[in-house]
Amino acid sequence: MDELASFLSERLGCEVLVEGGGLTAEVEDEVPRRRIKQLLKKFLHKQELVDDYRVISVGEVFKIKRRRFPRLKAYTWPSGA
């Protein structure tokens, strides 16, 4: 949770507070919701969690939920077989 908070604060240029099981960001300038969702997805990708979790927009809030059916990971055949 702290890693996500620091990632978002770097990218958005604002303070991100960790409160219980959630994060709160107070942004001075108007940041498009699409940009916030894009950053959340980018964080999941960097942490190699994109196959197991997804970002959902619920009204004014974004939720990161575990996928019901995780994506299948590509299998690489051993070389020399």
Cross-chain or 6+ apart pairs with Cβ under 6 Å, region 11-27 first and small (Gly, Ala, Ser), then surrounded by 11 or more Cβ atoms within 10 Å (Cβ to Cβ) and modelled with pLDDT under 90: Ala25/Cys14
Residue satisfying all of: in region 1-44; farther than 14 Å from Phe62 by Cα and among the hydroxyl-bearing types (Ser, Thr, Tyr); surrounded by the fewest Cβ atoms within 10 Å (Cβ to Cβ) among these: Ser6
Pair list, Cβ under 9 Å, 6 or more apart: region 60-73 residue on the phi < 0 side of the Ramachandran plot, other residue of a type in the set (Lys, Arg): Glu60/Arg33; Phe62/Arg33; Phe62/Lys37; Ile64/Arg54; Lys65/Arg54; Arg66/Arg54; Arg67/Arg54
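The values are calculated or read from the model by the stated rules, or taken from the named source; none is laboratory data. The shown structure was predicted, so the numbers you read here are calculated from the model rather than taken from an experiment. FYI the Cβ positions are ideal-geometry reconstructions off the backbone, even for glycines, and counts take in every protein chain you see.
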